[in-house]
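What follows is a single structure, written as structure tokens, with notes after it.
The values are calculated or read from the model by the stated rules, or taken from the named source; none is laboratory data. Small disclaimer: the values here were computed from a predicted structure and weren't measured. So basically every Cβ, Gly included, is an ideal-geometry build from the backbone, and we count neighbours across all protein chains shown. Just so you know, the surface numbers come from the protein's heavy atoms only, side chains and all, with ligands and any DNA or RNA stripped out. Shrake-Rupley method; radii C 1.70, N 1.55, O 1.52, S 1.80 Å.
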Amino acid sequence: MLADQISLFLDFDGTLVELAERPDAVVVTPSLTALLMQLEARLAGRVALVSGRSVAQLDQLIGPYAQSLTVVGSHGAEIRMAGKDISSGARPVALDEAEAAFREAFSGNANVVIEVKTLGVAAHYRLDPSVEPIAETLAQQLAAESGLYLQGGKMMVELRTDGHDKGSGIAALMASPRFADRRPVFLGDDVTDEPGFARCAELGGYGVLVGADRPTAAAYRLADVAAVHDWLAAL
């Protein structure tokens with residue numbers, strides 16, 4: 001069966017949970033937690049979350065069960081094998097300076113949400129798309145001055161540490177005994193997931209794009225979060 005042949009990697013926002021107007025407003029239902037637990041058992045632990053969020057953020061959103069999950073956080077900068085400590089780099093001072101610049105630029109706009117991550121900082125403007133040009137210009141300027149990596153996404157800009165992405169995180173897990181010797185399959189919805197799709201293809205697996213069709217390195221597509229849940233349940 002398919003489940004016996006794969007190692008499964010899952011993006012979080014827009015893939016397992018619906019996108020929300022604010023990053024802290026997403027909902028993890030008991031049924032989703034139960035589904036993840038069933039997948040872990042069926043795939044003998046070959047399941048990992050691969051997210052732009054930090055591991056700490058995912059733990060807070062998912063609850064106590066998250067500690068038993070393997071998680072790639074912060075776009076590949078953090079890796080925690082199930083039940084193990086987090087492996088990550090140090091947070092550079094440049095991220096604190098970028099956070100201060102974002103907060104100053106949007107201090108009068110409550111519809112711009114500044115999200116602070118372990119190894120990144122993002123400005124979300126889903127509630128006020130009119131500020132996109134300002135956010136993009138400021139992020140480009142800060143990236144040029146600081147050497148931080150400018151990460152685009154859905155209705156947001158993010159500055160983060162460089163030298164890693166979701167593809168490198170997946171590759172690191174595929175080199176571990178738990179995930180090795182299977183075809184890597186990665187489900188994701190955003191442009192931030194493209195490195196993961198590409199790396200899975202290089203390793204003999206494939207990506208699954210979630211959402212509307214667009215140019216992508218993914219080989220397959222699912223329509224939405226509900227379709228993802230149905231596909232996972234079928235495993």
DSSP-defined beta bridges in the stretch 28-146 - what % are antiparallel, rounded to 5: 75 percent
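Subtracting the Cα-Cα distance from 0.36 nm times the residue separation, let me have the gained length for Ala180 to Thr33 in nm, one decimal. Don't skip to the end; give the middle numbers.
Numbers: separation 147, 0.36 × 147 = 52.92 nm, distance 2.48 nm.
In short, 50.4 nm is gained.
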Identified option (computed semi-axes √(5λ) of the Cα gyration tensor in Å; candidates (1) 38, 19, 15; (2) 44, 18, 17; (3) 29, 18, 17): (3)
Residue-wise HN-Hα coupling along the stretch 36-42, computed from phi with Karplus coefficients 6.51, -1.76, 1.60 (Hz; x: Gly, Pro): 4, 5, 5, 5, 4, 5, 5
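With a 1.4 Å probe and all protein chains in place, put Ile134, Ile170, Ile79, Ile86 in order of accessible area, largest first.
Working: Ile134 100, Ile170 0, Ile79 40, Ile86 80 Å².
Output order, biggest surface exposure first: Ile134, Ile86, Ile79, Ile170.
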Dipole magnitude of the chain, debye to nearest 20 (Cβ charges: Lys/Arg +1, Asp/Glu -1, about Cα centre): 780 debye
Spin-label model distance (nm) - Leu2 vs Glu202, 7 Å beyond Cα toward Cβ: 2.5 nm
Beta bridge orientation in the stretch 92-235: antiparallel %, DSSP, nearest 5: 70 percent
Cα centroid separation - the stretch 95-110 against the stretch 14-85, whole Å: 28 Å
Among Asp181, Asp11, Asp190: highest mean-square fluctuation, GNM of the chain, C-alpha pairs under 10 Å: Asp181
Net +/- balance of residues flanking Val72 in space, Cβ distance below 9 Å, scoring K and R +1, D and E -1: +1
Charge-dipole axis of the stretch 55-174 as Lys and Arg at +1 and Asp and Glu at -1 on Cβ define it, positive-most pick from Leu119, Ser68, Tyr149: Ser68
Top positive-direction residue, dipole computed over the stretch 55-191 with Cβ charges, set Leu95, Met81, Pro177: Pro177
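Trypsin sites (Lys or Arg not before Pro), restricted to the stretch 36-84: which are DSSP loop and have at most 16 other Cβ atoms within 10 Å? Provide the component values of the computation, followed by the final result.
On the way: sites: Arg42, Arg46, Arg53, Arg80, Lys84; in loops: Arg46, Arg53, Lys84.
Answer in residue order: Lys84.
Over the chain, what is the relative contact order in whole percent, taking alpha-carbon pairs under 8 Å and six or more residues apart? The partial results should precede the final answer.
Values: 437 pairs, mean separation 48.8, N = 235.
Answer for the chain is 21 percent.
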The stretch 131-235: GluC sites (Glu not before Pro) falling in loop per DSSP and having at most 10 other Cβ within 10 Å: none
